[in-house]
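Since every read-out is calculated from the coordinates, none of them should be taken as a lab result. Bear in mind that the values here come from a model prediction, so they are computed numbers and not experimental data. No Cβ is skipped: glycine too gets one built from the backbone with ideal geometry, and neighbour counts run over all protein chains shown.
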Amino acid sequence: MYQREGKTAFKKDMTNILALSKHLGNPEKKFKTIHVGGTNGKGSTSHMLASILQEAGYKVGLYTSPHLKNFTERIRINGNEISQKNVTEFIEENKIFLEKQGLSFFEMTVGMAFDYFSKENVDVAVIEVGLGGRLDSTNIITPEVSVITNIGLDHTQFLGET
């Protein structure tokens, strides 16, 4: 998994996430999205947007990373974390594909979130980028709105200097 493998787990193309999306039936196309990127403030901005949309009456998915304490914090609907049961079921249902494809931890979690949001029929999902850049796995979405917080040099060992 990415947390244990570090730089070697970083993929410089979208092949894996596109293959996973296809395997899952392109779940990211079944709900509207708001994409949040930038160097700082992505998590806070994502949580605020999700809260505002929920208060307005929408069923809202929220995908953020990294988690602080528990993996389930990454994937929420209307503030409620994905259940451990849903996480386990996703892994069990897709185990052969996940092992064969050699996905990174982040690619797997993005696919899990999109699959969960699709199955739960969210109206909109707020999606926080991972490392960012054009090859970020979250870039398979076609957002209704993109939000960019402040920009600075970050993750240059993966993304380069510009």
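Observations on the structure shown:
- Per-residue extension of 0.36 nm, minus the Cα-Cα distance of Ala19 and Arg134, leaves a gain of 39.7 nm for this segment.
- For the pair Leu68 and Asn121, label points projected 7 Å from Cα toward Cβ lie 3.3 nm apart.
- Just checking the listed ones, His47, His23, His35: in the Gaussian network model of the chain with Cα springs under 10 Å, the one fluctuating most is His23.
- Cut-off 15 Å, label 7 Å out along Cα→Cβ of Asn26, residues of the range 54-76 by amide N: none
- Amide H contacts under 5 Å for Ser146: His35, restricted to partners 5 or more places along the chain or on a different chain, H placed in the peptide plane at 1.01 Å from N.
- Candidate lysines for bridging to Lys42, where Cα separation is under 21 Å - those fewer than 8 sequence places away on the same chain excluded: Lys32, Lys59, Lys69
- For the chain, fraction of C-alpha pairs farther apart than 19 Å, in %: 53 percent
- Projected label distance in nm at Lys100 and Asn40, using a 7 Å step from Cα toward the beta-carbon: 4.6 nm
- Share of Cα-Cα pairs in the range 11-72 lying beyond 18 Å, as whole percent: 55 percent
- Ordering Met48, Met112, Met14 by the number of other Cβ atoms within 10 Å of each residue's own Cβ, fewest first, gives Met48, Met14, Met112.
- About the Cα centre, charge dipole magnitude for the range 15-159 (Lys/Arg +1, Asp/Glu -1 at Cβ), debye: 120 debye
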